[in-house]
Structure formats: structure tokens, C-alpha cells
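Novice: I have a structure I would like to understand better, so I am pasting it below and will then ask my questions one at a time.
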Amino acid sequence: MTIAEVSKKYKITQDTIRYYEKIGLIPHVPRSKSGIRDFDENSCNWIEFIKCMRSAGLSIDVLTQYISLFKQGNKTAKTRKELLIEQRNKLLKKQEDINKTIKRLDYKIEIYDDIISGKRKDFLEKP
């Protein structure tokens, strides 16, 4: 696949793909005889993984660390697992915070429904 095709498939800019390759997040992208990137299944799997992790909030530094460990082989499996568990725990905390915010918004929306419908007239607005 060309970089344009990969960009379109994964909805990620070509510049971002080049950047990820440059800093080592995509371990090895094969090249054609003329030097043009020819993304294979393995390269695409890395892009998909990186995109997923970035959308979940993992930093470039964490991903760089993970991939560096990955390149060292199975001897780093425990460390990689711990890194992923730590990131998962951070996401779970963020999810908990989001759920609390959603509950508060739901509460506020219910109050406004009552005000608008006339069920509630004594409401003093608070943040």
C-alpha cells in the first residue's frame, strides 16, 4: 500500500505517518525498488495499534518506550505488560471521571426539563 492509501484507510495524515516512522513508532516500512514506502500488513498493524493507543490518550513517549521494549524481544514482555496495565489504569480513572461528569450533566438537564415544563419555579441557578 502507498502512504496515500494508508492515510485514507486509517484516516491519518501522511505527515503523521512519516513522523511516526521517523521517530520509530512504525518499526520497519518496506520500500519499493524506487524507494517509495510500500506498507505491508505488519506496517499497517503498527499504524492501527498506534492510532488506537493515541486515541486512548497514550503519549508518544509511552508508545516509544513500548516499541523500544518490543524490539528487545520476549525478555521485555513483563515490562511491556506492566506499561500497558499502567496505561489501562489511567484510562479507567479517566472513564470514572467522565462518568461522574455525565451524571452531573444528566442531573442539570433534568432540572432544566423541570424548569422548562413549569414543574419547578423555585430553582435558583447554581453552577
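Novice: Just the ratio, please: alpha-carbon radius of gyration of the range 74-121 over 2.2 N^0.38 Å, N its number of residues.
Specialist: Relative to the rule-of-thumb radius for its length, the range 74-121 sits at 2.14.
Novice: Would you check the range 1-71 for Lys pairs whose C-alpha atoms are within less than 20 Å, ignoring same-chain pairs closer than 8 in sequence, and give me the count?
Specialist: For the range 1-71, the number of qualifying lysine pairs is 9.
Novice: Moving to a separate point now. Quote the relative contact order of the chain in percent (integer), defining contacts as alpha-carbon pairs under 8 Å separated by 6+ residues.
Specialist: 16 percent
Novice: May I have the extent of the alpha carbons of the range 1-71 along their three principal axes, as whole Å values ordered from largest to smallest?
Specialist: Over the range 1-71, Cα extents along the principal axes are 34, 25, 19 Å.
Novice: Computed FRET efficiency, Cβ-Cβ of Ile102 and Ala56, R0 25 Å: what is it to the nearest 0.05?
Specialist: So the FRET efficiency works out to roughly 0.85.
Novice: Taking the Cα centre of the range 74-121 as origin, sum charge times position over the Cβ atoms of Lys and Arg (+1) and Asp and Glu (-1), and report the length of that vector in debye to the nearest 20.
Specialist: In total the dipole reaches around 300 debye.
Novice: Between Thr101, Gln72, Tyr10, whose Cα lies farthest towards the positive end of the dipole of the chain when Lys and Arg beta carbons carry +1 and Asp and Glu beta carbons carry -1, centred on the Cα centre?
Specialist: Gln72
Novice: Run the dipole for the chain about the Cα centre, Lys and Arg Cβ at +1, Asp and Glu Cβ at -1, nothing else charged, and hand back the magnitude in debye, nearest 20.
Specialist: So the dipole magnitude of the chain works out to roughly 280 debye.
Novice: Using a cut-off of 28 Å between alpha-carbon atoms, which lysines can reach Lys108, once sequence neighbours fewer than 8 places away in the same chain are excluded?
Specialist: Lys90, Lys93, Lys94, Lys100, Lys119, Lys121, Lys126
Novice: Oh, and also: Modelled label-to-label distance, Asp15 and Ser34, 7 Å Cα→beta-carbon offset: nm?
Specialist: About 2.5 nm separates the two model spin labels.
Novice: Right, next: Given points 7 Å out from each Cα along the Cα-Cβ axis, report the Thr64 to Ala4 separation in nanometres with one decimal.
Specialist: In this crude spin-label approximation the distance works out to 3.2 nm.
Novice: Could you tell me the convex hull volume per residue, in Å³, taken over the Cα atoms of the chain?
Specialist: Per-residue hull volume (Cα only) is 153 Å³.
Novice: Here's something else I'd like to know. Label Ile85 and Lys119 with points 7 Å out from Cα along Cα→Cβ: what is the distance between them in nm?
Specialist: Here the modelled spin labels are 4.7 nm apart.
Throughout, read-outs are computed from the coordinates displayed, never taken from laboratory work. The model shown is predicted, which means the values in this text are computed figures rather than measured ones. Glycine gets a Cβ as well: all are built from the backbone with ideal geometry, and neighbour counts include every protein chain shown.
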